[in-house]
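The values are calculated or read from the model by the stated rules, or taken from the named source; none is laboratory data. None of the values given here were measured: they were computed from a predicted structure. Positions of Cβ are backbone-derived with ideal geometry, glycine not excepted, and every protein chain shown enters the neighbour counts.
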Amino acid sequence: MREISVETIIDHVKDMCIESNFVLSEDIKEALDTYKSKEVSETGKNILFDIIQNAEIAESDRVPMCQDTGMAVVFVEIGQEVYIKGGLLEDAINEGIRRGYSEGYLRKSVVKDPLERVNTKDNTPGVIHYEIVSGDQLKITVAPKGFGSENMSRMKMLKPSDGIKGVKDFVLETVSLAGPNPCPPIVVGVGIGGTIEKAALIAKKSLMRDIRSENPLDHICQLEKDLLEGINKLGIGPQGLGGLTTSLGVNVEVYPTHIAGLPVVVNINCHATRHMSRII
Ligand code: SF4
């Protein structure tokens, strides 16, 4: 067994909470640049320029790229040969979030009870997903999630006969209904299959994937391309003020499902798509 101390985990999670809020990932930066040169709307072009400049200032001045610094979503892949020394893994992750949001002066956006709505004042707890894998390493991905975009996500239990057309219609309808609310240009994550919670989980996980990558399955890769093209024909544009650039990328993940169902979840990320991974 390989030992990893809780202090090491706390430090990495703290750093990732701060860094992911300050530094936009390369795939999004590259896509913003590409779409800026393709955008036909003058207003849209100017907004894309502002978004790029905002990201540059955030990175150089070490300030958050958006006032909504998100609820911390954390994906953990833990090798079966890893032993966590000195405490509980979950406590360590939450302590990392607590320190990251405090030391990085990031907005605390979490309420303890969804109905009583009292702020926990330290942005904990995070939403943590665990996966047990082979090996002796620990991979942690931190993804601060703003709720302007999270609130625009939708799920639907389609009939199997709805097929690929049903999936496409639902995704396009979801992006249409969202309009300017998720701060476009957006990244669209789609989870298809499994059960309702599995579809939601893989939709979220798809947003962790580099938007320059493609799903390895040919028909799903084609679906990603078709959806991106369809979304960018909706005319919503940067910040919803019209134009060609509504989405920078669509990532789709699939999972086996029941003969009687076709669950679909659309999880939307704004242009401030934040995620960072480290392998310990
Ligand atoms: S949707 Fe994204 S860019 Fe818009 S306010 Fe929320 S975190 Fe910020």
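If you check PRO144 against the conditions, is it touching a Lys or Arg at 6+ places or on another chain (Cβ under 7 Å), within 12 Å of the ligand (Cβ to nearest atom) and either modelled with pLDDT of 95 or more or over 25 Å from THR124 (Cα atoms) (or both)? Step through it out loud before you land on a result.
Numbers: touching a Lys or Arg at 6+ places or on another chain (Cβ under 7 Å): yes; within 12 Å of the ligand (Cβ to nearest atom): yes; either modelled with pLDDT of 95 or more or over 25 Å from THR124 (Cα atoms) (or both): yes.
In short, yes.
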Checklist outcome for this item: Only one of (1) buried (at least 21 other Cβ atoms within 10 Å of the Cβ); (2) hydrophobic (A, V, I, L, M, F, W, C); (3) under 18 Å from the mean Cα position of the chain (by Cα); (4) not assigned by TED's automatic domain parsing to the domain that holds ASN232 does not apply to VAL187, and that is (4)
Next on the checklist: Checking the condition assigned by TED's automatic domain parsing to the domain that holds THR195, under 13 Å from the mean Cα position of the chain (by Cα) and aliphatic (A, V, I, L, M), which residue from ILE220, ILE268 passes?
Outcome noted: ILE268
Next on the checklist: Just checking, does the range 214-226 include any residue being surrounded by 23 or more Cβ atoms within 10 Å (Cβ to Cβ) and either among the aliphatic types (A, V, I, L, M) or outside any helix (DSSP H, G or I) (or both)?
Outcome noted: no
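Would you check which residues across the range 184-203 are closer than 17 Å to LEU227 by Cβ and part of a helix (DSSP H, G or I) and list them?
Step one: list which residues in the range 184-203 are closer than 17 Å to LEU227 by Cβ, which gives 184-193, 199, 202-203.
Correct list: ALA199, ILE202, ALA203.
Could you go through the range 145-165 and let me know if any residue there is within 20 Å of the chain's Cα centre (by Cα), part of a helix (DSSP H, G or I) and among the β-branched types (Val, Ile, Thr). Walk me through how you get there before you give the answer.
Step one: list which residues in the range 145-165 are within 20 Å of the chain's Cα centre (by Cα), which gives 145-156.
Adding the requirement that they be part of a helix (DSSP H, G or I) leaves 147-150.
If we keep only those that are among the β-branched types (Val, Ile, Thr) too, we end up with none.
Scanning the range 145-165 turns up no residue that is within 20 Å of the chain's Cα centre (by Cα), part of a helix (DSSP H, G or I) and among the β-branched types (Val, Ile, Thr).
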Checklist entry - Which of the residues spanning the range 61-90 are more than 16 Å from the ligand (Cβ to nearest atom), loosely packed, with under 15 Cβ neighbours inside 10 Å and free of Cβ contacts under 8 Å to residues at least 60 places away in the same chain? => result ASP61, ARG62, GLN80
Item to check | Every residue from the range 172-197 that is more than 16 Å from ASN151 (Cα to Cα) and either within 16 Å of the ligand (Cβ to nearest atom) or among the β-branched types (Val, Ile, Thr) (or both) | outcome: ILE192, THR195, ILE196
Item to check | Per-region count, the range 250-280, residues surrounded by fewer than 24 Cβ atoms within 10 Å (Cβ to Cβ), within 16 Å of the ligand (Cβ to nearest atom) and not in a loop (DSSP other than H, G, I, E, B) | outcome: 1
Checklist entry - Residues GLY86, GLY104, GLY70: which one is more than 26 Å from HIS271 (Cα to Cα) and among the small types (Gly, Ala, Ser)? => result GLY86
Next on the checklist: Given (1) among the small types (Gly, Ala, Ser); (2) touching a Gly at 6+ places or on another chain (Cβ under 8 Å); (3) within 15 Å of the ligand (Cβ to nearest atom); (4) at pLDDT 95 or above, identify the lone condition not met by ALA200.
Outcome noted: (3)
Checklist entry - Consider GLY166 against the criteria (1) free of Cβ contacts under 8 Å to residues at least 60 places away in the same chain; (2) in contact with a Leu (Cβ under 8 Å, 6 or more places away or on another chain): it satisfies all of them except one. Which criterion is unmet? => result (1)
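Among the listed residues ILE57, ILE28, ILE9, which satisfies the condition of being within 21 Å of the chain's Cα centre (by Cα), among the β-branched types (Val, Ile, Thr) and modelled with pLDDT of 95 or more?
Result: ILE28 is the single residue among ILE57, ILE28, ILE9 that is within 21 Å of the chain's Cα centre (by Cα), among the β-branched types (Val, Ile, Thr) and modelled with pLDDT of 95 or more.
Helices (runs of 4 or more DSSP H) wholly in the range 15-131 with at least 3 residues that are among the small types (Gly, Ala, Ser) - which ones? Outline the logic, then answer.
Numbers: elements: 26-38, 42-61, 89-103.
Hits in the range 15-131: 42-61, 89-103.
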